[in-house]
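Every read-out reported here was derived from the displayed coordinates using simple, explicitly stated rules and does not represent laboratory data. Just so we're clear, the structure is a prediction, and the values are computed from it rather than from any experiment. Cβ coordinates were reconstructed from backbone atoms using ideal geometry, including for glycine residues, and neighbour counts include every protein chain displayed.
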Amino acid sequence: MRSIFLERLVPVAMIWASLIGSTVAQESGGNVLVNPGFESADIGDQSGASVAERSGIQAHAGEWCLRIGDSSRDEIEYHNRPSTQVALQGGGQFYAEGWIRIDNAADNRTGYGTASLEIAFYTADGKYISKQNVGATSSSKWVRVSNVVTLPYEAALLGFRVTPADRVAPLRGSVFIDDLYLASLPVAEESDRVRLTAAPSPPKQAPEYKAPPRPGDGRYLAQTVAKLENGFDPPRPLVIWAIGSSFTDFLGNGEDLIADIGERFPNAPPIVYKKMIGGSTPWHLTRGWARHLVIPDQADVVLVCNFGSNSGLEKLLVELRSRTTADIIVGTLHWCRDHESVWPDPEAVTRHLDPPAVRELCEQYHVELVESRREMTRYMVDNDLEISDLLVDTVHQSPYAALMINANIARHFHRPDDAVMDKRHPRERRLPVSSDQVARTGRWKSGERGTALQASGPASLEFEFTGAGINLIGWREPGGGSARVWIDGEPAETVNAFYATYIQPDADNFIDLDSSDVNYRRHTSDRCPHGISLGENLQPQTWTIAMTSDAGDYSVTGSVTGADGNGNAFRPFSSSSGQIIIDPELWRLAKTNRRGDKFTFEVIRNTQPLICLLYTSPSPRDRG
């Protein structure tokens, strides 16, 4: 795979990790990687000008290691291994480590001054999900880098990547990798590969922060509490989506929150925590992520601990309320250094937050409000703490502050004395097909738990609903036949029901590494359209937005439709066919995009025209 990188050489090496299947014995210490020390000659195919080969020079252990270099001058080179299905799909925490060193005297040139080892996660069909850092070094001696990473629930492939961790002048040298390790966290701990550090301690010997549930906590989370108490039929995880800025990122990957919820609901279904974050991303821009990630995934809970204008928050809440059935949690922020002029008034309006306005919006849209600002202020005043005592820099919360915020959120997963839930018009409801609200033709009889059982011959079910979507829940039975789906008198495959996937910036998009204006320019995902809208005449296809100038001009092209118009990132755009609408409000930092930058997304039909499961004899193993 080869791609052009404008102006800067940034070599990247990708090592697809071969993973042991469930029927194969694991390597030493529970390592799920095959050939982790590169002792086998199988390291994948070579391509282009990149160099990724076994080396017998000063291996960390054994006789061999992997050497990565780059002899090209203007290209990013990827070294790919064949995609291997991950036998560990389903989320969870893993311990990853590797040994890495840089040898500036080795043959071939490289841009690595500080090399970073990362793990990238992909879906089963190879779509990028996210990445997590393992560690970095600039040493010429072997250095072990390690980290606890969270496997996204939907991940089916992963790869170890070696990338530059900073900008340096081109060097002569190579990066060497050896003894990669990956295992689930419990297995790694049992094998003495890792000992987790103790939980963070309160600053200045203050007492431990406590956040037990109160009678009013969970007032707007009754739907979620019922799921935690009763589970799902058929079984599935409860999905929490967190979207926001680095404030959200500093809360972690859901470990503390999930643990707290599990203590209060010991019989809860598995909980999956997903997040999408960006540096300094306010409420109004997260609306695009809500549209393209959270809503199609039909999350059970949406968590927003962020900042921005009141209008931006309201637009986000309207988007979520109108297109998903999820419970919503909004948290007020901790104190930052530039809030010192109004300390310790938790109601004071700052550039990040207007607490009274946020409270009013949450009440208006039946959103659970977590008053972290108010609750943390009380603890800080009672224990003579200053703002800086709960920060790691001028704005970001310390590990202990993150623990406090997660505890504040967790206390709201609670059955309150006075829950607010419209029983006549719930956001989610389960309708037995034997109900009087379902019209039936043909010969049917009731089955287990109100499901329908077809006796013989043609038959149909018909009902009316208003909402974001509908799921048919039943039992799969081999030889049970099939059912066609019609919506408003039209076959489901012809109905105008689509969604757009996440807008993926191209890996080659320009990054101004010399700029000190905003440090998040280093991230391609922070300088792109965060959201688009779908118009009329939609066709399923892949769309590409390609920058045609350095002044925000772009072209829009569909894989089926073809060229579909030209626009500018600072003005509203509607494609020639009417399918794609781009609002400049949701395009972040377009002034930093350069000619040649690309962004792609897919438009996918959101209906199922044919269901291959008629109900003959229930088989719990095949429920779906």
(Q) Cβ neighbours within 10 Å, averaged per peptide: list 229-239, 354-364, 280-290, 313-323 in order, most packed at the top. (A) 280-290, 313-323, 354-364, 229-239
**Q.** Karplus (6.51, -1.76, 1.60) ³J(HN,Hα), θ = phi - 60°, over the range 309-325, in Hz, Gly and Pro reported as x
**A.** 7, 4, 5, x, 5, 5, 4, 5, 5, 4, 4, 5, 5, 7, 10, 8, 9
